[in-house]
Ligand code: ADP
Ligand code: ZN
Ligand code: ZN
């Protein structure tokens, strides 16, 4: 008897397991390959899984295995290179393989949709329709006209129907009568021989030197470090042009917020070749179509956010990660991969160049550049004739502030508006005020589900927890002492907007935050209004910090820059510096010089002084030397094991046991160190108590080995069921 065929399948379940099935009945087993999708029964549901292995035995008795129901693909979905990358990533980030693979696929493919593009419908006559005598349907002239057109031209598409003035209802009637049927076809435009649409800019010496150092082929990572406006994007465009000339494709990753129509339009203006985007604003069908165009090689340039790192590319020739320091490249829940780090691996395996660009590179990347792992390219001048903005600190310790604004700041805003320019006010807190306070007894509005205060919102008026989404009406009197003098405490964007409008009643004040841009196109409309160039004040959160070029903004005000300085997250200061400079970079992009006012209570803090007096690089050096001393990344590698439970003792007990297991495997020392369990920064969130165990390691290998042993043991552990737990490798957010 021939050996049986068993399919080892990855299913989207939270279990760290692979599942064995028999092949679907009636399917030639020679057609079964890893990477194809199958539909299988699972309990009483149906799931879509991916074949990991086709093998001839199972650890379970064969008669216990159920057959898969259907094979969905004739060929593996992903090219081998990407398939291996996904498997590697599931392993490295300690995530269950089925869920990791599902995360990497477009939604429609997860649901079993065929891996084919949706075509354009077109209509033809059925045999019966063809057989109609001349002059039929005389009493329905529109239908008769349509029939005649079909008889003449064979097939009509949507545009043809519109040109004929035929309504869809007429087509439908003929379809119902069985005279007409519709088909779909994918229209593939013939390949465009031209690479460029627009002439490239002639590069500055600095840009030319940088571009010349980026090889056209072969594995190579460049860290392109240049202030906002120094012409990094122009270098990407020219590097991509070389790749396209070789007949290869480019994949560009940008942070979520940076993927504006502006970015896309800039690429489309430059290249005559098809450019497609992949981002969260697209519907599932659009995403799948773009994905397929990339896989089948018709899309030549793909621009996308984090998950676009998993785009299959027929012939990838260059990878680019813009704003590489941005924390959105690390997924913060579920499959916690870093798209930037996977880009480095993908480039290595494909033997192609990767450009990491930023005005404020991550300390990891700067460290890699310093140790020679990355080639370090610097652009120090702004392109064209733009000058860098002037940074001014304002010590607000002994000043009376007017709703967060110092008198001098208000004066400068006035002068800027009077000279016909625009102002950007940055405050990274949405809502009206961070909380509501009773001045009589000190009561503060707190979330009853979290260790945090409720934010006061004015439009519509309510109290809102930004951590668990709990919402409440605003009390009329103090719940504790009945005082009726409750008042907002601190500043949020709504309140700053109100204050600015009061000071400058004749000026447009535009608020940009998650609340004001909830509606489709709201953000785009706001940005368009600013681009018209009339004097206005923009006030908003970090949505304003990235990606946008506001040519007429000549004054940037940073209201409260201090939050990151004393954060318990060791990345707090790094993020603060990056955010400050990113915001500052919005000013004076064009030929208008910009000014940045930074209001701070800590003008004398060494990090603040270093950043403002000596710049980002000195600032980064200072933080790096502290990290070296304290044994933090990038000098040591880290993983966080998190657990949360309704009862704090469950989380603590579980993590203690995990630590004991880990120490048995690998005693603490230089190679591996353990810290915790410790409460998370926000200890209670949504009624759950959150704890974490930190594992740090001298090298990735030791960390990986330990985690791979621990993960299955944790899953089996009796206490695991009482907790939600996860492993975060190379965590970016320590909360
Ligand atoms: P970055 O990506 O570093 O922010 P960009 O590439 O967007 O910088 O360049 C900033 C501005 O300067 C853009 O308007 C761009 O068109 C212009 N620019 C870039 N390089 C040159 C150049 N070599 N000559 C003239 N203008 C340039
Ligand atoms: Zn009170
Ligand atoms: Zn809450």
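List of remarks:
- Long-range neighbours under 6 Å by Cβ, at least six apart or interchain, first residue farther than 16 Å from residue 454 by Cβ within region 482-493, second more than 16 Å from ligand 1 (Cβ to nearest atom) and in a loop (DSSP other than H, G, I, E, B): 483/438; 483/440; 484/477; 485/439; 493/427; 493/430; 493/513
- All conditions but one from (1) within 30 Å of residue 154 (Cα to Cα); (2) surrounded by 19 or more Cβ atoms within 10 Å (Cβ to Cβ) apply to residue 82; the one that does not is (1).
- For residue 156, the conditions (1) crowded, with 17+ Cβ neighbours inside 10 Å; (2) over 42 Å from the mean Cα position of the chain (by Cα) all hold with the exception of (2).
- Yes/no for residue 112 being surrounded by 13 or more Cβ atoms within 10 Å (Cβ to Cβ), part of a helix (DSSP H, G or I) and in contact with a strand residue (DSSP E or B) (Cβ under 9 Å, 6 or more places away or on another chain): no
- A count restricted to region 272-296 and to residues that are touching a residue at least 60 places away in the same chain (Cβ under 8 Å), within 27 Å of residue 220 (Cα to Cα) and part of a helix (DSSP H, G or I) stands at 3.
- Picking from residues in region 426-481 that are in a strand (DSSP E or B) and more than 16 Å from ligand 3 (Cβ to nearest atom), the one that is nearest to residue 647 (Cα to Cα) is 437.
- For region 1-36, a tally of residues being under 26 Å from residue 725 (Cα atoms) and in a loop (DSSP other than H, G, I, E, B) returns 8.
- Extreme residue, surrounded by the most Cβ atoms within 10 Å (Cβ to Cβ), among residues of region 467-481 that are without any contact (Cβ under 8 Å) to a residue 12 or more places away in the chain and touching a strand residue (DSSP E or B) at 6+ places or on another chain (Cβ under 7 Å): 471
- When 314, 299 are screened for being surrounded by 24 or more Cβ atoms within 10 Å (Cβ to Cβ) and part of a loop (DSSP other than H, G, I, E, B), only 299 passes.
- Set 235, 221: member being touching a helix residue (DSSP H, G or I) at 6+ places or on another chain (Cβ under 8 Å), within 15 Å of residue 318 (Cα to Cα) and within 10 Å of ligand 1 (Cβ to nearest atom): 235
- Residue match in region 250-267 (condition: over 21 Å from the mean Cα position of the chain (by Cα) and either outside any strand (DSSP E or B) or closer than 17 Å to residue 582 by Cβ (or both)): no
- Residue match in region 449-464 (condition: within 30 Å of residue 233 (Cα to Cα), surrounded by fewer than 14 Cβ atoms within 10 Å (Cβ to Cβ) and without any contact (Cβ under 8 Å) to a residue 12 or more places away in the chain): no
- Residue in region 518-530 that is away from ligand 3 (no atom under 16 Å from the Cβ), within 18 Å of residue 432 (Cα to Cα) and out of contact with any strand residue (DSSP E or B) (no Cβ under 9 Å at 6 or more places or on another chain) present: yes
- For residue 184, the criteria (1) part of a strand (DSSP E or B); (2) within 30 Å of residue 362 (Cβ to Cβ) hold in every case but one, which is (2).
Read the figures in this text as sums done on the coordinates, not as results from a lab. Since this is a predicted model, take the numbers as computed values, not measurements. A quick note on method: Cβ atoms are made from the backbone with ideal geometry, for glycine too, and the neighbour counts reach across all protein chains shown.
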